[in-house]
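A quick write-up on the structure given underneath.
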Amino acid sequence: MMGTFASVLATKKIRTHTDRFRADVEGDIENVDGVLKITVIRVHYVLKLSHEEENDAYWAMENYIEKCPAAMSVTGCIRIEHSLEIDSD
């Protein structure tokens, strides 16, 4: 997911070097009818950028998920929650 988001950000010329971009990921595993199942994955992106890039970053956030093979593979089975924190220069 992080790679796809970075690719979409790149279309807007937003840099995603390791000092500017990270993802904090966690999930829930629940007992569903006696079977342990991943039920939710939460991805919180942190991106350093300029104020001028903020709108493009939010656009990318709204549009990357349908291009993501990993997310599209589990949609309907595992809930994906994602958020973006912008650290403006």
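The values are calculated or read from the model by the stated rules, or taken from the named source; none is laboratory data. Please read all numbers here as calculations on a predicted model, not as lab measurements. Cβ atoms come from the backbone with ideal geometry, glycine included; neighbour counts cover every protein chain shown. Protein only, heavy atoms only, side chains kept; ligands, DNA and RNA dropped before computing areas. Shrake-Rupley method; radii C 1.70, N 1.55, O 1.52, S 1.80 Å.
Remarks
- Test set (1) farther than 13 Å from M2 by Cβ; (2) exposed (fewer than 13 other Cβ atoms within 10 Å of the Cβ) - D24 fails condition number: (1)
- Among residues of segment 32-54, those that are in a helix (DSSP H, G or I) and surrounded by 15 or more Cβ atoms within 10 Å (Cβ to Cβ), counted: 2
- Members of segment 58-82 found to be open to solvent by 60 Å² or more (accessible area, probe 1.4 Å) and part of a loop (DSSP other than H, G, I, E, B), listed by number: T75, G76, C77
- Flag for I29 being in contact with a helix residue (DSSP H, G or I) (Cβ under 8 Å, 6 or more places away or on another chain) and either modelled with pLDDT of 95 or more or surrounded by 14 or more Cβ atoms within 10 Å (Cβ to Cβ) (or both): no
- I14 being free of Cβ contacts under 8 Å to residues at least 60 places away in the same chain and part of a strand (DSSP E or B): no
- Subset of segment 1-20 that is of a type in the set (A, V, I, L, M) and touching a strand residue (DSSP E or B) at 6+ places or on another chain (Cβ under 8 Å) - its residue that is surrounded by the fewest Cβ atoms within 10 Å (Cβ to Cβ): M2
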